[in-house]
Structures are given as structure tokens and as C-alpha cells.
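Read the structure below first, then the notes.
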Amino acid sequence: MHPKPNTVARACALAAGLILLTPAWALDLRQAYEAAERNDASIRASRAATDAQREKLPQAKAQLLPNVSFSAGANRNHLKTDTVNGYGMPVSLVNNYNSNNQVLQLRQPLYRPYNWALVDQAKAQVEDANAALERDEQSLVVRVTEAYFDALLARAQLDLIAAQKKANAVQLDAAEKGFKAGTGMRTDIDEAQARVDMARAQELEANQNVDFTRRRLEMAVGKPIDSLADLNVAGFKPELPAPANIDDWIARAEDASPVLRSLRAQLETSRQEIEKAKAGHKPTLDAVAAWSRSDSDSVTSVNTVYNQKYIGVQLSVPLYAGGYVNSTVRQAVADGERAREALEAARLDLGTKVHEQFRAMTEGISRIAALEQAARSSEQAVLSSRKSFEAGARTTVDVLNAEQQRTTALRDLAQARYMYLVSRVRLQSLAGYDRWATIDQANVNLTASQIK
């Protein structure tokens, strides 16, 4: 059943209320990931699922160990026998007696191919669960990093829009003064006013984006956030991926990726399922030892006690099951082929994703350098436009366009820096790098000073 809309709304309101009631705190990227690792519900669910899957191995191994059972029973018997005597007269005999029995049995499997395949399959299933947990933990690294830098970028965009709005207001004031002095035109005032109004609208949207990205990060870490450690622009020096060869990254990803490890384990699980199905054609052999005691087991043995002990082997040979075993083998083979093709498809897709993030890093460095130059050039263009405007060689529109170009360059530069860091985290996660080392490598680019 799907929850009713009002139920979902109440749950969201309650979650938001709990966040608002909790004291806010300042954090950097590592602290954000540490909090998310403790509080993220999907990770806790994944850990519980992994713990459940790990129990399959001791359960499978238990099938190879001795099995000891004990059974006992006690009965009160009432036996009435109706017969005819030698004179043809009916005779009824009634016999009331107690009976009881006890059986203690030990069974040790000696040859059970199904159970051996079950153990090997359980090992593969545990490996699958461990790899799936690592995949989810790597995914959490990426999710937290994206949410963190999205929040920083939203704040940077808001600051840039606020600065542009202030510059537009200054230009509007200059245009109004020039018009009153007779040196300006009405179109300058209208253009500057339109830019101021647009900046106000953009500021409202940017404020909403700041609130949304901040709350998304708060929901991930499970606590309200007072401030975030910002990017240390002065010390930020993007570096090429190491190793610098894309083929080395793809090879590492194919070897260490938790996604491929999980699929390889699933393929091994399918292979063992085939062995389990084939075991339906094979005999089984058990060693059996037992002790049994029975007292008054039947009407002919009233008041008689039997004690029996035996030890031996029990052989079971399947002869014919109506084609069931052959069908299960064919089914297992088909499932194995599906797992093999799924692994190959994931391997090819992983190579594409690694290539994408590798290019995002390498090309991101060039983009950052180009945007840094563009930011410097746009800053100089603003200064030149203002001086030319004061000298009468430029119009208000020229100044406003230069300021808009500077804001766009600074915004794109901030976005390029954050995207470079996110791409590096994604690339290392795809390649199965240690997640804490990945977080620390990104976190070192943050400054001790924090933004609200």
C-alpha cells in the first residue's frame, strides 16, 4: 500500500520540525560524511541486509555437520476386542495399558553434493552482500559530496547576484543623476532599472536554491547546519588524475569496483545453483547412529521393554523424478547466462562512466584555467567600461553588460571548481578507492573559515 498524501506531508513536516528543534552546527565535508554514515537510513538498511545475508554461510555449513535429534512419546492405550467363543457367544475383552518410547539419533552427512554446493553458494552470496554494502557506502560518498558542493555553489551564486544587484543599483543611481544633470538619457535609467529588477528576481530564486540545497544536506547528515567550510580558492590547485592513463583507471575499476564485485559474486552464485540442480541426479550417503527404547509398544508386548542400538550408513539413490531435475538444471543454466551478460553489460557501462569522469577532471582543469582568465578579463572590462562611461565614451548599457559578463564568468568559475572536485570523488568511487581517503582528499581543499 502507498502512504496517503497527507500522511507523507505530516511525516515530512515532522522531520523538518525535528531538524529545527535540534541545535545547529558547523561542519566540513568529512564531518558531513561521518554524520551521514551514522544517520542515513538507506545505509543502515543496507548494513542490516548485509548482516542477514552473512548468516547464510553458517546456515549452509550447518548442513555438513552432525545432526542430533531426540524424540519421545507416552500414551494411554484402551484396547477393546470383540470376538466369538467356541459356543458361538460374543465375548468382549478390554485391555488398558501405558506405552512409551524414546529415540536418540545422530546423522552425519558423508556424501551430499547439494550441501557442498550450498556452502560455496553461500560464500558467493556473502561476497555479494559485502560488495553491495561497499557500493552503497561509495554511493553515499558521492551523494554527500554532491549535496555539500551544491550547497556551496548555491551560496556562491547568491553572493554574486547580490553583488551584481548592488552594482546595478549604483549604475541606476548614476544614470538618474546624469539624467537630472542633462548628460544622460532616459533609456539609461530604464535599462539600469530593468537590470536591478531582474537581479531582485534572480536573488529570490537563488535564496530558494540556497534553502533547498542546505536542507537537502541537512536531511543527509541528520542535523541542522549552521555553517559550511568554504572552498579555499587561494590554495586550490586542481591536479591531473593519477595515474594519468585512462586505461589504468578502467583496469582498476574493473578489478576493484564494488558493482562488478557484486555481479561477479552473483555469477558465482548462479554457477553453484547449477551444481545444486545437478546434485538431484547424484546419490547421498549418511552415517547414522541411534538408540531407541520402547515400553509396551504393542498389545502383544505389554510390560515388555525393548532397548535397541545401531550404527551404520544410509544410501539414497535417486532413480526418476519425472524430468524435474533436468528442468531445474536448464533453469539454472539460463539464470547463469543472464548473470554473465549482466556482468558484461555492467563492465562496459563502468568503462564509459570512468571515461566520462576522467574527461571531466582533465578537461575541468583547462576549463578552470580558462575561466580564471575570463574572470580577470571581465574584471578589467568592468573597470575600463566604468572609466569610459565617466569619460562619456561608454553608455550605461555597456557598463551593465560588462558587469553581467563578470558575474557570469565568476559563477561559471565557481561551478567548474566544484564540478572538478565532484568528478574526482565520482572517479575514485567508481574505481573502488578507499572512501575515507577520497573524502579527505576533497576536504583538504576547504578552508577553516566558514560561510553561513
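Filter the stretch 390-400 down to the residues that are assigned to a helix (DSSP H, G or I) and in contact (Cβ under 8 Å) with a residue 12 or more places away in the chain, then identify the one that is surrounded by the most Cβ atoms within 10 Å (Cβ to Cβ).
Applying the first criterion (assigned to a helix (DSSP H, G or I)) to the stretch 390-400 yields 390, 396-400.
The next check asks that each one be in contact (Cβ under 8 Å) with a residue 12 or more places away in the chain; those that pass are 396-400.
Working: Thr396: 24, Val397: 17, Asp398: 16, Val399: 29, Leu400: 24.
For the stretch 390-400, the residue satisfying everything is Val399.
For the stretch 157-191, the set of residues classified as open to solvent by 70 Å² or more (accessible area, probe 1.4 Å) and under 48 Å from the mean Cα position of the chain (by Cα) consists of Asp159, Lys166, listed by residue number. If you check Thr300, Thr328 for being over 30 Å from Asp412 (Cβ atoms), part of a helix (DSSP H, G or I), in contact with a helix residue (DSSP H, G or I) (Cβ under 6 Å, 6 or more places away or on another chain) and hydroxyl-bearing (Ser, Thr, Tyr), only one passes: Thr328.
Here Leu93 fulfils each of the conditions (1) without any contact (Cβ under 8 Å) to a residue 40 or more places away in the chain; (2) under 17 Å from Ser429 (Cβ atoms) apart from (2). May I ask you to list the residues in the stretch 29-76 that are open to solvent by less than 50 Å² (accessible area, probe 1.4 Å), at pLDDT 90 or above and within 20 Å of Trp436 (Cα to Cα)? Listed by number, the residues that qualify are Leu29, Ala32, Tyr33, Ala35, Ala36, Glu37, Ile43, Ser46.
Name the residue that is farthest from Thr362 (Cα to Cα), counting only residues in the stretch 204-220 that are open to solvent by less than 40 Å² (accessible area, probe 1.4 Å) and at pLDDT 90 or above. Looking at residues that are open to solvent by less than 40 Å² (accessible area, probe 1.4 Å) and at pLDDT 90 or above, I get Glu218.
Every residue in the stretch 427-452 that is basic (Lys, Arg) and either open to solvent by less than 60 Å² (accessible area, probe 1.4 Å) or at pLDDT 95 or above (or both), please. Reasoning before the result, please.
Step one: of the stretch 427-452, the residues basic (Lys, Arg) are 435, 452.
Within the stretch 427-452, Arg435 is the sole residue that qualifies.
Cβ-Cβ contacts under 9 Å between residues 6 or more apart (or on different chains), taken from a first residue in the stretch 195-219 that is under 30 Å from Ile43 (Cα atoms) to a second residue that is of a type in the set (S, T, N, Q), are listed as Asn209/Gln157; Val210/Gln157.
Matching residues to (1) open to solvent by less than 60 Å² (accessible area, probe 1.4 Å); (2) of a type in the set (D, E, K, R); (3) under 24 Å from Arg112 (Cβ atoms):
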position	(1), (2), (3)
Asp247	no, yes, no
Arg252	no, yes, no
Ala265	yes, no, yes
Lys282	no, yes, yes
Ala287	yes, no, yes
Ser292	yes, no, no
Asp297	no, yes, no
Thr304	yes, no, no
Ser316	no, no, yes
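Taking Lys237, is it crowded, with 19+ Cβ neighbours inside 10 Å and either outside any strand (DSSP E or B) or among the β-branched types (Val, Ile, Thr) (or both)? Walk me through it before giving the result.
Details: crowded, with 19+ Cβ neighbours inside 10 Å: no; either outside any strand (DSSP E or B) or among the β-branched types (Val, Ile, Thr) (or both): yes.
When the stated conditions are applied, Lys237 does not pass them.
Against the test of being touching a residue at least 24 places away in the same chain (Cβ under 8 Å) and either more than 30 Å from Val329 (Cα to Cα) or of a type in the set (Asp, Glu) (or both), the options Gln121, Gln105 yield a single qualifying residue, Gln105. The single condition among (1) within 22 Å of Gln314 (Cα to Cα); (2) of a type in the set (S, T, N, Q); (3) open to solvent by 60 Å² or more (accessible area, probe 1.4 Å) that Gln105 does not satisfy is (3). Of everything listed in (1) under 30 Å from Arg435 (Cβ atoms); (2) open to solvent by 70 Å² or more (accessible area, probe 1.4 Å); (3) not basic (Lys, Arg), the single unmet condition for Glu337 is (1).
The values are calculated or read from the model by the stated rules, or taken from the named source; none is laboratory data. Owing to the predicted nature of the structure, the values given are computational and were not obtained by experimental measurement. All Cβ positions, glycine included, derive from the backbone under ideal geometry; neighbour counts span all protein chains shown. Heads up: the accessible areas ignore ligands, DNA and RNA and are worked out on the full protein's heavy atoms, side chains in. Shrake-Rupley method; radii C 1.70, N 1.55, O 1.52, S 1.80 Å.
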